[in-house]
1. Could you check residue 94 against (1) more than 22 Å from residue 21 (Cα to Cα); (2) exposed (fewer than 15 other Cβ atoms within 10 Å of the Cβ); (3) touching a helix residue (DSSP H, G or I) at 6+ places or on another chain (Cβ under 7 Å) and say which number it fails?
2. Applying the selection to the range 63-96, what residues are free of Cβ contacts under 8 Å to residues at least 40 places away in the same chain, closer than 23 Å to residue 2 by Cβ and outside any loop (DSSP other than H, G, I, E, B)?
3. Tell me, yes or no, whether the range 111-134 has at least one residue that is surrounded by fewer than 14 Cβ atoms within 10 Å (Cβ to Cβ), closer than 16 Å to residue 8 by Cα and modelled with pLDDT of 90 or more.
4. Within the range 97-122, track down each residue that is within 11 Å of the chain's Cα centre (by Cα), within 15 Å of residue 17 (Cβ to Cβ) and outside any loop (DSSP other than H, G, I, E, B).
C-alpha cells in the first residue's frame, strides 16, 4: 500500500485493514484470489477529458457505460492510456489505479452501486493488496463527490 493512501485514510479517520493476496493483473482476479465478492471490490478506472483526468470508481463486476457517464459528467471522456495512468499514479505499481484516486488529487466520480454492500475493498496501488473498509466510512469520504449509476454487468470475454 502506498504511503499516500495510508496518510489519506488516517487524515480522514477511516479504520481499515489490509487483505494480502497473490499477484493479480485485474480487479476480477484480485477479488477471486482474495475471496472477496467482485461486487464488493471498488476498481478505479482512469479517464481523460479534454483537459483533465477523472477517475471512476465502480464495482469490479461491472463495466463503465461511457455514454451514461458522459451525459452525467457533462464532458466527453474516454479511457486513459497506460502512460497517463503511470504519470497520474507514479508511486503505484505500473498499471495499478488505486481505489482512492482523490488522494492523488484526481477528480473522482463514483457509481451508486458501491454503497450497496456493508463492506468495500479498494485497490491499494499495487497488485498484491486490498484495503478493507466499512462502506459507511467510504460514503463519508465520497460524500460530496459526483456520483450516479454508470455501470452495467461485465460481458463474458
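1. Single failed check for residue 94: (1).
2. 79, 82, 83, 84, 85, 86, 87
3. The answer is no; no qualifying residue exists.
4. 120, 121, 122
The values are calculated or read from the model by the stated rules, or taken from the named source; none is laboratory data. Keep in mind it's a predicted model, so treat the numbers as computed, not measured. As a convention, Cβ positions derive from the backbone with ideal geometry for all residues, glycine included, and neighbour counts pool all protein chains shown.
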